[in-house]
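Notes follow once the structure below has been shown.
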Amino acid sequence: MVIAMGFANWSQTSVGAKGFLCLVLMFFYGTGVSKCDLGYKKNSNKTDKRHGLGFLSLGRRNFITDKAEKYRNNLVLTRIRNAQKLNATCIDDSDAVFYKSIHLNSKHWIIHLQAGGSCVSLDDCLERSNGPLGSSIHMDYAFTGEYTLSNDPKVNPTFHSWNKVFIPYCSGDVFVGRKPKHKHPFKMPMLGHFIVVAVIKQLIQDYRINRKGVKILFGGTSAGGLGVIANVDHVKNLTHPAEVKAYNDGGWFTLYPNFGEDFFSPELPQFFKFLTYIFDHYWDGFVDETCRDQMPKAAACLYGELASKHISTPLFVMVARWDSYQLTRLVAVNFKSISLPPKKNKERKYLAKFGNNTYRSLTTLSLRPKCGVFSPACHCHTFLTSCFEGSTSCQYPPTHRYSIKGQTAYGALSEWFTTNGKRGTYIEKPSQVPSCNPTCCSSLCHKCMLEKKVSSTPRGNPKVVVVKPKIQPPARKKKTFYLYYSNSEWRFSGLFASIYVFLGILIQILVTR
């Protein structure tokens, strides 16, 4: 009979209280208590660290305070075989890796490309090579997937039972690079395309994902979303006759001038010229082959609005009307980023035009057979993941709550997938004055839409009540005390928890006598 204790939100508890509880256990159980940590630890990328006294290890058994523990660390690191021969290496020339979660009863697959920007200077690339965005040496052994990568049916009801693959982003080239080390100006390999191909081929060898009846949902976030646009039809060809669909979370950018740039200039936007140089000289980039044949510049095929016309794979795109990354980061050096919220009238006019252009590009995509879109009037970048900037320790971003007509990005993706593209498209129409969706009202917004709620009058007639949207602060977790007795669990709080704990210890003493 074993009793163990843990506190959620332990940072709110004094070290003295933790020390007292720890000493009580040590007094009665002696050396049976092999770990009693009194210090509070912040979230860490290392999967073996926890918050303070979040668990106690008695003997060889761990008692953990989370019901969903069995879904944690579901994605486990896997080496790419013959990575050097396949040119599947990171910036530091270490072998690229991937993570997988296998369900023996499923033949369907989620394959996801990680986010993480890009490196375009020697200093940036050197910095990346010393961390997980440029080296597999610094990657965790396992981590917990979120949304499409989660095994928890409460988090991922549509795909929780599927096999899952997560491809870390360590090449700095939005997964399109084919530039070997000896040809690169920085003497660093940028081989993202070859990494994707190597993972797909290994999955074909080990699990035969290229057979009839197999479904593959190939997706990516931000830089990974660009990698999806570039590689999806190639992946579809490699895995034929499997059924392939794709999703793009925050990797949809439009060929639009920066703020302050001449709209009526016959030349292409300045940032596109910079992108073309990087694409050709640093990456030797791979893009959709049909698109490449139709475009004067291959780099243009990284823009979803241009490439999607040539992609044959059904595609679901999640992008905000005002993509914050394009507005603030994809800016040519001779232009300033726009202020968010806009401070001047010309900034508000620019945002209105930018939003109209995003809407135009997405409505065109939504008219294609089996394609879908989720695009709220928000200032944000991604919706389904915060596995960003090299961290594989994921946490749900606030944007997962953003919704249109009550439907979130994940809900829209699921609806699109399960109805084969017949439903699932949610696009908010632009207005003359840039106004944010009530669910994403924030300090970045110039103005928030008024949320309309329908109620009934005493006579039963509908009445529209206009409610001013409020920015909801993140909900605080309640202090919860978990008591584990054998394999069952009860949840208590405060004084009652303490009484049960000490009664349990007393019973244990009497039984042992």
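Taking a 28 Å limit on the Cα-Cα distance, which of the listed pairs Lys273/Lys370; Lys297/Lys349; Lys245/Lys405; Lys344/Lys405 fall beyond it? Flagged as over cut-off: Lys273/Lys370; Lys297/Lys349; Lys344/Lys405. Sites listed here are chymotrypsin sites (Phe, Trp or Tyr not before Pro) in segment 243-333 whose DSSP assignment is loop and whose Cβ has at most 14 other Cβ atoms within 10 Å: Phe263, Phe264.
The stretch between Arg368 and Lys447 holds 25.2 nm of extra length on full extension. This uses 0.36 nm per residue minus the Cα-Cα distance. Averaging Cα coordinates gives a centre for segment 234-279 and one for segment 79-136; these two points are 22 Å apart. For Glu289 and Arg423, FRET efficiency with R0 = 30 Å and r from the beta-carbon atoms, rounded to 0.05? With a Förster radius of 30 Å, E is 0.45.
Once you sort the root eigenvalues of the Cα gyration tensor of segment 71-440 as a ≥ b ≥ c, which label holds: rounded (a/c under 1.5), prolate (a/b larger than b/c) or oblate (the other case)? Oblate is the answer for segment 71-440, as a/c is 1.5 or above yet b/c matches or exceeds a/b. Note that segment 404-418 has calculated 3J(HN,Hα) couplings of 10, 6, x, 9, 8, 4, 5, x, 5, 4, 5, 4, 4, 5, 6 Hz, one per residue in order, obtained from phi through the Karplus relation 6.51 cos²θ - 1.76 cosθ + 1.60 (θ = phi - 60°); glycine and proline are x.
Considering segment 200-265, its Cα convex hull presents a mean projected area of 5.8 nm². In loop segments of segment 116-214 as defined by DSSP, the chymotrypsin sites (Phe, Trp or Tyr not before Pro) with at most 13 further C-beta atoms inside 10 Å of their C-beta are Tyr141. Within segment 295-331, find all residues whose amide N lies under 20 Å from a label point positioned 7 Å from the Cα of His281 along Cα-to-beta-carbon. Inside the label zone: 297-302, 330-331.
With the convex hull drawn over the C-alpha atoms of segment 64-150, the volume per residue is 138 Å³. Segment Ser337..Asn237, full-extension length gain: 32.0 nm, with 0.36 nm per residue of separation and the alpha-carbon distance subtracted. On the beta carbon distance between Lys297 and Asp124, with R0 = 35 Å, the FRET formula returns roughly 0.90. If the chain linking His103 and Lys353 were pulled fully straight, counting 0.36 nm for each residue of separation and taking away their Cα-Cα distance, it would gain 85.3 nm.
Given +1 at the Cβ of Lys and Arg, -1 at the Cβ of Asp and Glu and no other charges, the dipole of segment 71-440 around its Cα centre is 880 debye to the nearest 20. Less than 17 Å from a label point 7 Å out along the Cα-to-Cβ axis of Tyr207: which backbone N atoms in segment 101-115 qualify, by residue? Taking a point 7 Å out along Cα→Cβ of Tyr207, the residues of segment 101-115 whose backbone N falls under 17 Å are 101-114. Using R0 = 35 Å, the C-beta based FRET efficiency linking Lys70 and Val433 works out to 0.10.
Since every read-out is calculated from the coordinates, none of them should be taken as a lab result. Since the model is a prediction, treat every value here as computed from it, not as a measurement. FYI the Cβ positions are ideal-geometry reconstructions off the backbone, even for glycines, and counts take in every protein chain you see.
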